[in-house]
Amino acid sequence: MKMIGFLKKFTMKKAVETTIFLAVFFLFFAGLSFVMTLPKMLNTFMQTAYHLLMETVLYIMSITVMTGAISKLFVEFGVVRLLEKLLRPLMKPLYNLPGVASLGAVMTFLSDNPAIITLSQDRNFSKYFKQYQLVSLTNFGTAFGMGLVVIAFMVGRGYGEGAVVGFVGAVVGSIISTRLMQHFTLKAYPEMDAPVQFEETQNAEDENEEPVKVNTFMRVLNAVLDGGKGGVNIGLAIIPGVLVISTIVMMLTFGPANGVSYEGVAYEGVPVLPWLADKIGFVFDWLFGFKHSELIAFPMTALGAVGAALGLVPTFDAAHLIDNNSIAVFTAMGMCWSGYLSTHTAMLDSMGYRKLISKAIGAHTIGGLCAGIFAHWLFVLVELL
């Protein structure tokens, strides 16, 4: 009888969930169809996804391939280790982290957020940390995720000044996010102020194994090919986010292409997000310097995927909605948030600290907002000077 009651309750719960999903799903597309008409809405949906794939995704992938090759060369020939030694003196005063943590910043900057997981699970790396410091690497590493790709993309669009200011903003956001994560963790779990513990069964790497000697030419060739292949993987990984998230965001951001009637072409939609943003537009103007309410779509998209957020930039640029101030805020928030809503859960779960997910997300939300605000006002100061 208990089993029957449980099954009925479970079935009812699933039925309610399914009903809510279908209601939201059909209301969303019915609303767009009502304004745009169904054929034009469907055509715009597919046309926008196609244009994003051909004009944005392939461009971003070319950047990830090149930066992947460069970053692998940096690793192979010791540049990453050199950067780590140069940055080491900043770790303790700024982030309350041991010097080796700078390696995590460099690696995630050159690749993506998950690079910090590999490092955190390396015994030779994590032995320098206390438990609360180790979990804060999730916030620390994420704040630099895909940094090189974001900056290269913005510079490639001709906004170098904004990209540099945005990078400084991202660093400020990373400090705030990491420190808050450490504070939240220690407050809830003071026992984590202890060295990281290792399982006795964990095997160390065989230090006696003779490395295979390879000449310099082959090292360069292997690094370029392996790094480029990693860049392809990153480029492929961002496709779903760019196509699905950016398409939906754009269809909720822009109106008719000709400003009067719908034609069923790419980048049309019903401007719901700007309408909502207009209600509190003065807040975004003061905090971020956004003169156009459509720009709020970038940080909202960066919450889930920074690659998808980058997909919005060419459209904003073509519509003359952005300037170096906007790019500074985009770079700061895009780097700092770097799709943390879609990666923080998996990262902390893989590290064995699922209980800290909400604290990591809360700290990183505050850090990203501070990064954008700081980037805007720093840009204002730079312009005055």
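The values are calculated or read from the model by the stated rules, or taken from the named source; none is laboratory data. Please read these numbers as outputs of a predicted model, since none were measured by experiment. Cβ: placed from backbone, ideal geometry, glycine included. Neighbour counts: every protein chain shown.
One line per residue, one yes/no per condition, for (1) outside any helix (DSSP H, G or I); (2) free of Cβ contacts under 8 Å to residues at least 24 places away in the same chain:
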{"site": "Ile248", "(1), (2)": "no, yes"}
{"site": "Thr253", "(1), (2)": "yes, no"}
{"site": "Gly259", "(1), (2)": "yes, yes"}
{"site": "Glu263", "(1), (2)": "yes, no"}
{"site": "Tyr267", "(1), (2)": "yes, no"}
{"site": "Leu276", "(1), (2)": "no, yes"}
{"site": "Asp285", "(1), (2)": "no, yes"}
{"site": "Ala297", "(1), (2)": "no, no"}
{"site": "Thr301", "(1), (2)": "no, no"}
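When Ala23, Ala15 are screened for being at pLDDT 90 or above, assigned to a helix (DSSP H, G or I), out of contact with any Ser or Thr (no Cβ under 6 Å at 6 or more places or on another chain) and exposed (fewer than 13 other Cβ atoms within 10 Å of the Cβ), only Ala23 passes. Gly228 passes every criterion in (1) part of a helix (DSSP H, G or I); (2) surrounded by 20 or more Cβ atoms within 10 Å (Cβ to Cβ); (3) of a type outside the set (A, V, I, L, M) apart from (2). Does the stretch 74-83 contain any residue that is of a type outside the set (Lys, Arg), under 25 Å from Ala152 (Cβ atoms), part of a helix (DSSP H, G or I) and touching a residue at least 40 places away in the same chain (Cβ under 8 Å)? There is at least one residue in the stretch 74-83 that is of a type outside the set (Lys, Arg), under 25 Å from Ala152 (Cβ atoms), part of a helix (DSSP H, G or I) and touching a residue at least 40 places away in the same chain (Cβ under 8 Å).
If I filter the stretch 45-63 for residues that are part of a loop (DSSP other than H, G, I, E, B), among the aromatic types (Phe, Trp, Tyr), at pLDDT 80 or above and under 28 Å from Met154 (Cβ atoms), do I get at least one hit?
Residues of the stretch 45-63 that are part of a loop (DSSP other than H, G, I, E, B), as a first pass: none.
The answer is no; no qualifying residue exists.
Any idea which of Gly269, Gly281, Gly264 is surrounded by fewer than 22 Cβ atoms within 10 Å (Cβ to Cβ), modelled with pLDDT of 85 or more, more than 19 Å from Pro240 (Cβ to Cβ) and of a type in the set (Gly, Ala, Ser)? Step by step, each of Gly269, Gly281, Gly264 is checked, and only Gly264 is surrounded by fewer than 22 Cβ atoms within 10 Å (Cβ to Cβ), modelled with pLDDT of 85 or more, more than 19 Å from Pro240 (Cβ to Cβ) and of a type in the set (Gly, Ala, Ser). In the stretch 9-29, the residues that are under 21 Å from Val270 (Cα atoms) and without any contact (Cβ under 8 Å) to a residue 24 or more places away in the chain form no Cβ pair under 6 Å with any partner that is of a type in the set (A, V, I, L, M, F, W, C) and in a helix (DSSP H, G or I), whether six or more places apart or across chains.
Out of the helices (runs of 4 or more DSSP H) lying entirely within the stretch 87-181, which hold 1 or more residues that are in contact (Cβ under 8 Å) with a residue 40 or more places away in the chain and within 15 Å of the chain's Cα centre (by Cα)?
Details: elements: 101-110, 115-120, 123-126, 131-142, 147-156.
Counting at least 1 such residues, we get 101-110, 115-120, 131-142, 147-156.
Sort out which residues of the stretch 227-257 are polar (S, T, N, Q) and within 18 Å of Leu32 (Cβ to Cβ), and write them in order of number. Of everything in the stretch 227-257, those that are polar (S, T, N, Q) and within 18 Å of Leu32 (Cβ to Cβ) turn out to be Ser246, Thr247, Thr253. If the condition is being buried (at least 18 other Cβ atoms within 10 Å of the Cβ), aliphatic (A, V, I, L, M) and closer than 17 Å to Gly166 by Cα, then the stretch 341-377 contributes Leu369, Ala371, Ile373, Ala375.
When the residues of the stretch 303-340 are narrowed to those that are outside any helix (DSSP H, G or I) and out of contact with any Leu (no Cβ under 8 Å at 6 or more places or on another chain), which ends up surrounded by the fewest Cβ atoms within 10 Å (Cβ to Cβ)?
Initially, the stretch 303-340 is screened for residues outside any helix (DSSP H, G or I), giving 303-305, 311-312, 319-323, 338-339.
In the following step, the residues that additionally are out of contact with any Leu (no Cβ under 8 Å at 6 or more places or on another chain) were identified as 305, 312, 319-320, 323, 338.
On the way: Ala305: 26, Leu312: 27, Ala319: 12, His320: 8, Asp323: 15, Ser338: 30.
Restricting to residues being outside any helix (DSSP H, G or I) and out of contact with any Leu (no Cβ under 8 Å at 6 or more places or on another chain), the top hit is His320.
For the stretch 345-365, does any single residue satisfy the condition of being assigned to a helix (DSSP H, G or I), closer than 19 Å to Tyr159 by Cβ and not aliphatic (A, V, I, L, M)? No, the conditions are met nowhere in the stretch 345-365.
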